[in-house]
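Asker: Provided herewith is a single structure, encoded as structure tokens, for subsequent inquiry.
The values are calculated or read from the model by the stated rules, or taken from the named source; none is laboratory data. It should be emphasised that the depicted structure is a prediction, and the values quoted were computed from it without experimental measurement. No Cβ is skipped: glycine too gets one built from the backbone with ideal geometry, and neighbour counts run over all protein chains shown.
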Amino acid sequence: MKRVLRAGVAALAASVVTVAGCSSDGDDDGGTDELNANGDIVVHFWHGYGGQRLEWVNQAVAKYNAQAKGVEVRAESKTDYDKLFDAVLLAAGTKAAPELAQVVVTYTSAALKSGAFTTISDADTEKTIDPSSYMDAVVGQLTVDGKLTSVPWAHSGPVLFYDKGLFRKAGLDPEKPPATWPELLAACEALVKVSKVSEYCIGIPWHPWFVENWMAGQDVPLLDHDNGRSGDAERAALDSEVAQTVFQNWKQLYDEHYYPYSTEGYDFPRQMFSESKTAMTVSSIADAGYFQGAFAEQKRELGIGFFPSASEKPAIGTTLGGASVWLTAGLSPKTKQAALDFLAWLTSPEMAAEWHKATGYFPVNKKAEAILQSEGWFEKNPAFYVALDQLKETKVTPATSGPLHSAMPEVNDAIMKALEQVLIGNVPAADALKSAQEASNSSILRMNKIK
Amino acid sequence: MQPQQSAARDSRSSAVSVASVPVAATRGHGNGDHGNPGRLRRPVRRARASSGRPGAALNGRLLPYLLLAPTMVVIATFLYYPMARTAYLSFFDVALLGRRLRFVGFDNFRELFVAENLSVVVRTAVISGLVVVLAIGSALGAAALLNMKIRGTRIYRLLLIWPLALSTAVAGVMFLMLFNPTFGSVNVVLRVFGVNPQWFTKPILAQAVLILALVWMKFGYNLVFYSAAFQNLPQEPLDAALVDGASPWQRFRHVTVPLLSPVTLFLFVTNTSFAFFDSFAMIHVMTRGGPLDSTTLMIYDVYQNAFQFRRTGLAAAEAMLMFVAVVAIILLQLRLTRRRVHYGS
């Protein structure tokens, strides 16, 4: 009896200690180095990828670890950009926090406000990262108040993917994808009537980035104060005429049965297009690698064109999407340097070229393009050059620089909610956008109050 | 509810008898019983009073707390602390998952009572109410039919109870497949009759599917309890009604249903909590609250506000409101039915 009792008390004491141990992490300054069994500094790198991209990252990290001395990079996927950002915020300031984390450009402003990160400009005292070696458009988007926030890595533009075989069948020129809205509608009419192969004409991922891009193409920024880049934005531009046009266009595609509605994000249109259920789809150029593989397997011919304009006027360009890599706050000088060294390697000309070939993401390092040219990559895969070409032709204005505000996630939610009301709730575009505008403005003002 | 009721009575009587047995035996009993403070405290106090040895007194005084501590630590960490924190956060505008707080007083609660958020409350009340009524009503009907002396009752009962073995998420996926407009079995059959409803893009249809799935999910559970209750129904009142010339319906309505009322009360409480809280998995798997928020019940709205829209403060306020609402409904129900619930002989 007594022995049982003593054992019980011991177990209890142990459990109390464990609980205390768990909660003592608290706000560590994080200034210590984590070492592995060999005494190498460990750098944790969190990203948002699955599938093919995840494999590429794992292989790249293994390659780096094999050649690097005194450092071990451990890559970990947090499923998607949203979960990734949440995970970093929750881990910030504890021992579980990573040293490097990918942050989608939508969260640039929120990341700065969170205090969980340091900018590259502030942290890179040794000049390991050379901002001028990266594509200007990407650096421009990631620079806030004159500081480079993070290292460019996985950036993309929206493009139009289409099935050349179906274009031929429908009597359309397979080398001339639709560039304006009237052309797009004409192509849809022909494709759906004549080909009879695809059930629908065009897929659009359920994502606010496409609304943003259709607006940017008409040179209308989503937020005031130059899309939040010349000062804190105070209101959205969802009450603009262009926003209405974009919504009405989308609705028209739906009403004509050209566009299959789904709120499944990127996966659904990706699947519809690779199964020939749509003849075209807009998506990120980062899907080029995936579609290329799927089309080769099915012996179909993939075409890639510029992202079509929302009006009869040609678009002035597109905004960048994707995610850069940020350095978290509170790292020791040694760990910080190890993390920066890895980033410099990951975005070196060679690795940037490899990343581009595997996925379609922009070769962010300026010298990567030369490597790709010398390998004859673009000659063999002209489609991959389309997004790069589109980016080069983009007129840089506040609209094409993309929105910057910590309330952007909420503004984006308001946009998609309004779009759903227009498409399946039969709410007039003007009314839905008016509520979205009000919701966005109050979100923006709320976030402006939080310093 | 006969089986549980009698079990509860047994445990109560055993607790009483424990209190009156000698000290050593009491302590022995207490050792094996970590989870029930009510049963432990009384005998222990007696132990302290009657024991002169200091070691024993210390043991007697500390032991219950020591034994309770692990449970208390777990409950406090995972239940009380989060609850207190939720209450605290409901008065703040919480940005960036708690990294930035701004005190806003009752603003979050005020925001819950604007038209758009109020519609969630109304929708929750209507859908949950329908689920509870239909799940209990259908199970009662089925149990009554199963209680008839027909061949194969056991097999029917087994098959009907089956949904109980499924997790809500699995059931959600099943309904999602069944009602898929392109390849779902339901539409394959309906297409024969020339209709092809888009279940998950029309608000009213999505709500209907959600209600059906939730009712189906709870049906098996309710049936288990009603079946057991039917088997334990006292025969005398029914016989008496028969002798008095009551029709089968009258006997069911005026004798059987009142006799079943303890089970009904119990099921009402569990079904209400199911419809309020456990509907989350079903909504998340099937509709994600859409189309047009038509299947967004409060529990899902809390989730969306907290984790999708990152309005942690607003979500905290909503969670508090929900907590109060559920407690109020159950208290009201207990009070209303106290006089009308019959616990049989």
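Asker: Go through (1) assigned to a strand (DSSP E or B); (2) surrounded by fewer than 17 Cβ atoms within 10 Å (Cβ to Cβ); (3) of a type outside the set (Phe, Trp, Tyr) one by one and return the number of the condition residue A:152 breaks.
Answerer: Failed condition: (2).
Asker: Only residues that are within 12 Å of chain B (Cβ to nearest Cβ) and either among the β-branched types (Val, Ile, Thr) or under 17 Å from the mean Cα position of the chain (by Cα) (or both): list them for region A:88-105, please.
Answerer: A:88
Residues are listed down the side, and each one gets a yes or a no for (1) within 14 Å of chain B (Cβ to nearest Cβ); (2) surrounded by fewer than 18 Cβ atoms within 10 Å (Cβ to Cβ); (3) touching a Ser or Thr at 6+ places or on another chain (Cβ under 8 Å); (4) modelled with pLDDT of 95 or more:
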position	(1), (2), (3), (4)
A:378	no, yes, no, no
A:394	no, no, yes, no
A:402	no, no, yes, no
A:406	yes, no, yes, no
A:409	yes, no, yes, no
A:428	no, yes, no, yes
A:439	yes, no, no, no
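Asker: Same structure again: Take the residues in region A:277-307 that are more than 23 Å from residue A:218 (Cα to Cα) and of a type in the set (Phe, Trp, Tyr); name whichever of them is modelled with the lowest pLDDT.
Answerer: The selected residue is A:290.
Asker: Somewhere in region A:89-98, is a residue touching a Ser or Thr at 6+ places or on another chain (Cβ under 6 Å), in a loop (DSSP other than H, G, I, E, B) and buried (at least 21 other Cβ atoms within 10 Å of the Cβ)?
Answerer: yes
Asker: Just one of A:116, A:123 is crowded, with 18+ Cβ neighbours inside 10 Å and within 13 Å of chain B (Cβ to nearest Cβ); which is it?
Answerer: A:116
The rows are residues; the columns are (1) outside the structural domain of residue A:264 (by TED's automatic domain parsing); (2) surrounded by 21 or more Cβ atoms within 10 Å (Cβ to Cβ); (3) under 19 Å from residue A:250 (Cα atoms).
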{"position": "A:202", "(1), (2), (3)": "no, yes, yes"}
{"position": "A:208", "(1), (2), (3)": "no, no, yes"}
{"position": "A:213", "(1), (2), (3)": "no, yes, yes"}
{"position": "A:216", "(1), (2), (3)": "no, yes, yes"}
{"position": "A:224", "(1), (2), (3)": "no, no, no"}
{"position": "A:228", "(1), (2), (3)": "no, yes, no"}
{"position": "A:235", "(1), (2), (3)": "no, no, no"}
{"position": "A:239", "(1), (2), (3)": "no, no, yes"}
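Asker: Continuing with this model, one more query. Just for region A:177-207: of the residues that are part of a helix (DSSP H, G or I) and of a type in the set (Val, Ile, Thr), which one is farthest from residue A:387 (Cα to Cα)?
Answerer: Checked region A:177-207; the qualifying residue farthest from residue A:387 (Cα to Cα) is A:194.
Asker: Could you check region B:287-325 and list, in sequence order, the residues that are within 20 Å of residue A:110 (Cα to Cα) and among the basic types (Lys, Arg)?
Answerer: Scanning region B:287-325 gives B:310, B:311.
Asker: Of all the residues that make up region A:45-77, how many are surrounded by fewer than 15 Cβ atoms within 10 Å (Cβ to Cβ), modelled with pLDDT under 95 and of a type in the set (A, V, I, L, M)?
Answerer: Residues in region A:45-77 being surrounded by fewer than 15 Cβ atoms within 10 Å (Cβ to Cβ), modelled with pLDDT under 95 and of a type in the set (A, V, I, L, M): 0 in total.
Asker: Mind listing whichever residues of region B:305-323 are surrounded by 19 or more Cβ atoms within 10 Å (Cβ to Cβ), within 14 Å of chain A (Cβ to nearest Cβ) and either touching a Lys or Arg at 6+ places or on another chain (Cβ under 7 Å) or part of a helix (DSSP H, G or I) (or both)?
Answerer: B:305, B:306, B:312, B:313, B:314, B:315, listed by residue number.
Asker: Based on this model, can you work out whether residue A:310 counts as in a loop (DSSP other than H, G, I, E, B) and modelled with pLDDT of 95 or more?
Answerer: Spelling it out, residue A:310 is indeed in a loop (DSSP other than H, G, I, E, B) and modelled with pLDDT of 95 or more.
Table: residues versus (1) more than 30 Å from residue B:293 (Cα to Cα); (2) within 14 Å of chain A (Cβ to nearest Cβ); (3) out of contact with any Asp or Glu (no Cβ under 8 Å at 6 or more places or on another chain).
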| residue | (1), (2), (3) |
| --- | --- |
| B:69 | yes, yes, yes |
| B:72 | yes, yes, yes |
| B:77 | yes, yes, yes |
| B:83 | no, no, yes |
| B:102 | no, yes, no |
| B:116 | no, yes, yes |
| B:149 | yes, no, yes |
| B:154 | yes, no, yes |
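Asker: What is the one condition in (1) of a type in the set (Ser, Thr, Tyr); (2) within 14 Å of chain B (Cβ to nearest Cβ); (3) surrounded by fewer than 22 Cβ atoms within 10 Å (Cβ to Cβ) that residue A:309 does not satisfy?
Answerer: Result: residue A:309 fails condition (2) only.
Asker: Just name the residue that is farthest from the other protein chains (Cβ to nearest Cβ) out of those in region A:258-288 that are crowded, with 20+ Cβ neighbours inside 10 Å and of a type in the set (Gly, Ala, Ser).
Answerer: A:288
Asker: Looking at region B:148-188 only, could you name the residues that are polar (S, T, N, Q) and under 27 Å from residue B:231 (Cβ atoms)?
Answerer: Matches in region B:148-188: B:153 only.
Asker: Follow-up question, since we're still on this one. Of these, A:29, A:33, A:40, which one is modelled with pLDDT under 90, away from every other protein chain (no Cβ under 14 Å) and in contact with a strand residue (DSSP E or B) (Cβ under 6 Å, 6 or more places away or on another chain)?
Answerer: A:33
Asker: On to the next question. Mind checking which helices (runs of 4 or more DSSP H) fall wholly inside region B:180-256 and carry at least 2 residues that are within 14 Å of chain A (Cβ to nearest Cβ) and out of contact with any Asp or Glu (no Cβ under 9 Å at 6 or more places or on another chain)?
Answerer: B:203-231
Asker: Another question about this same structure. Do we have any residue at all in region A:245-257 that's assigned to a loop (DSSP other than H, G, I, E, B), surrounded by 19 or more Cβ atoms within 10 Å (Cβ to Cβ) and in the same structural domain as residue A:170 (by TED's automatic domain parsing)?
Answerer: For region A:245-257, residues assigned to a loop (DSSP other than H, G, I, E, B), surrounded by 19 or more Cβ atoms within 10 Å (Cβ to Cβ) and in the same structural domain as residue A:170 (by TED's automatic domain parsing): absent.
Asker: Suppose the filter is under 19 Å from the mean Cα position of the chain (by Cα), within 14 Å of chain B (Cβ to nearest Cβ) and farther than 28 Å from residue B:202 by Cβ; does residue A:447 pass it?
Answerer: So residue A:447 fails the test.
Asker: Related question: Is it fair to say residue A:18 is out of contact with any strand residue (DSSP E or B) (no Cβ under 9 Å at 6 or more places or on another chain), within 14 Å of another protein chain (Cβ to nearest Cβ), modelled with pLDDT under 90 and surrounded by 10 or more Cβ atoms within 10 Å (Cβ to Cβ)?
Answerer: yes
Asker: Looking at this structure, is residue B:224 in contact with a Leu (Cβ under 9 Å, 6 or more places away or on another chain), surrounded by 12 or more Cβ atoms within 10 Å (Cβ to Cβ) and free of Cβ contacts under 8 Å to residues at least 24 places away in the same chain?
Answerer: In short, no.
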